[in-house]
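First up is the structure itself, then whatever we jot down about it.
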């Protein structure tokens, strides 16, 4: 397996006043390129923490986090910025679109902070086409349904053409129909070569992925392929 | 899509919050502008008064008893010989030119011809006074050179008729005309002579309101004072003429006369006004700082409420500098709105309250004040945003997501 993400002996401890809470405890994990992986487990088991460490938006207390051939847990904020700009993309549970912008402007948003602004509109329209929302390009966020908003947020991740898509309970707030639309979209993106790691509580979604990692008390328990 | 466009959209979306924050700045700016506008108008009014009286010199006989002549303080039974006027003019002009030279000034204020230094000559308006009666009332009868007097007393306005031109004409002060029920065209007797009333002056709030005026030779002849004048009013013909030097030169160099100007008194009044104005502006600046602190609190709260948005933008690749720019652009827009709004409110307050606080003040529309209002509002808004923006930008994405 050609790993895109490697976690070696990773622990994460949070301080809550005098108390220390271990969110992750000595985790070793490899995610291969083009994999479609679900991380499942009860609330507070460390799923989101694991995702945050893979994406470089949090740092481990100990251990190593590798993104392809780059160790990212020791990078400076400036170097991590480059990782977030180009290599990793996030899908959140609540879509997190900017309400002041319309759909296509939300998709263009990552380009506002990096090079390549010139053809951003064309690229954003193509991304919206990939998620089937090109006709809603000029609609404001409040005019979109929950499922459509989530698809816009997926289109936004595609703007970066990232090595890795991380999704934190992307279907958590959606009805069944919208949930399945998102699931099919992720499957399609994976088929087209995108590596996807998603955190979910949904058994059905977990079973549809190629690899499901169950986690409890900060440690992976078992894997179902 | 760039950072300015995002800032514009964000400000547009939060219209009420933007307006609320901008109104805090606007009120502070309005206070500043209204104070400066009214105070500036007052200062200008005072400066004009100083210019009016400060460049006016009165030359009296050295032995004048100022309590004579019905308490007007305008002369007595002592006179200046009329033929001394050319010498007084010479001393005056020389002192003015030397005064300019001492200030390293280029002496070509008006009428500069070729490379010759030239100062416009001052106007010397002589008067002779006599105590007499008009329609049974004790009055002061003044002999004047009408054209020179009109230049020297530039606040004189003719209310009805015109200035005296002929020896059989007189002109009356407004209050004297009212008191004696005299109108233009009436014929009146003074000291056995009959005169036609040619004109009535507008009220000047000076002893002139109680006087009758005829030509200088007429009064001199009627009261046997040929070749004598009671006083000479001198009006310098340049705005900042060094009349102090002229006053000194006349007092030290010409025997038998005393020159006085009101410049020192007016300057002292200006200094007092300036001190009071500075104190008021100081209080206003303190109020401005307090308003800025309120704006700081608003922006702090606003950015705290947007901390998840900060986290999102960081995850999407926004650097500290880009986020700081985004918040600064927003602050600049709020400052701009607050500054313009504050200027309009401030000018409105000045127009409404200015005439009540300072009745004679003229409120002016000054472009410099627009720049000051916008500059102060921008500065306040940017300063108030600096620290909250710095804090928000430094939050790590994961902390930002957990913050609320």
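The values are calculated or read from the model by the stated rules, or taken from the named source; none is laboratory data. On a predicted model such as this, the values are computed, not experimentally measured, just so you know. We place every Cβ from the backbone using ideal geometry, glycine too, and count neighbours over all the protein chains shown.
Laid out as a table, the results:
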| item | result |
| --- | --- |
| Residue that is nearest to residue A:91 (Cα to Cα) [pool: residues in the stretch A:170-187 that are free of Cβ contacts under 8 Å to residues at least 12 places away in the same chain and loosely packed, with under 15 Cβ neighbours inside 10 Å] | A:184 |
| For residue A:137: the one exception among (1) surrounded by fewer than 23 Cβ atoms within 10 Å (Cβ to Cβ); (2) more than 9 Å from chain B (Cβ to nearest Cβ); (3) more than 21 Å from residue B:13 (Cβ to Cβ) | (3) |
| Selected residue (only one of A:96, A:117 is facing chain B (nearest Cβ under 8 Å), closer than 18 Å to residue B:323 by Cα, part of a loop (DSSP other than H, G, I, E, B) and modelled with pLDDT of 85 or more) | A:96 |
| The lone exception for residue B:319 - which of (1) in contact (Cβ under 8 Å) with a residue 12 or more places away in the chain; (2) within 14 Å of another protein chain (Cβ to nearest Cβ); (3) surrounded by fewer than 21 Cβ atoms within 10 Å (Cβ to Cβ) it fails | (1) |
| Residue in the stretch A:143-161 that is within 13 Å of chain B (Cβ to nearest Cβ), more than 21 Å from residue A:85 (Cβ to Cβ) and surrounded by fewer than 21 Cβ atoms within 10 Å (Cβ to Cβ) present | no |
| Evaluation of residue A:64 against (1) surrounded by fewer than 16 Cβ atoms within 10 Å (Cβ to Cβ); (2) in a loop (DSSP other than H, G, I, E, B); (3) more than 15 Å from the chain's Cα centre (by Cα) (one fails), failing number | (2) |
| Matching residues, the stretch B:255-277, being modelled with pLDDT of 80 or more and either touching a helix residue (DSSP H, G or I) at 6+ places or on another chain (Cβ under 7 Å) or surrounded by 11 or more Cβ atoms within 10 Å (Cβ to Cβ) (or both) | B:256, B:257, B:258, B:259, B:260 |
| Residue in the stretch A:121-133 that is over 20 Å from the mean Cα position of the chain (by Cα), surrounded by fewer than 21 Cβ atoms within 10 Å (Cβ to Cβ), within 13 Å of chain B (Cβ to nearest Cβ) and in a loop (DSSP other than H, G, I, E, B) present | no |
| Test set (1) within 12 Å of chain B (Cβ to nearest Cβ); (2) crowded, with 16+ Cβ neighbours inside 10 Å; (3) within 15 Å of the chain's Cα centre (by Cα) - residue A:112 fails condition number | (3) |
| Residue ID - farthest from the other protein chains (Cβ to nearest Cβ), chosen from residues in the stretch A:34-58 that are surrounded by fewer than 17 Cβ atoms within 10 Å (Cβ to Cβ) and at pLDDT below 90 | A:42 |
| Hits in the stretch A:81-93 (condition: more than 9 Å from every other protein chain (Cβ to nearest Cβ) and assigned to a helix (DSSP H, G or I)) | A:83 |
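Here is a yes/no grid of residues against (1) at pLDDT 75 or above; (2) more than 14 Å from every other protein chain (Cβ to nearest Cβ); (3) under 33 Å from the mean Cα position of the chain (by Cα):
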residue	(1), (2), (3)
B:7	yes, no, no
B:19	yes, yes, no
B:27	yes, yes, yes
B:30	yes, yes, yes
B:35	yes, yes, yes
B:45	no, yes, yes
B:69	no, yes, no
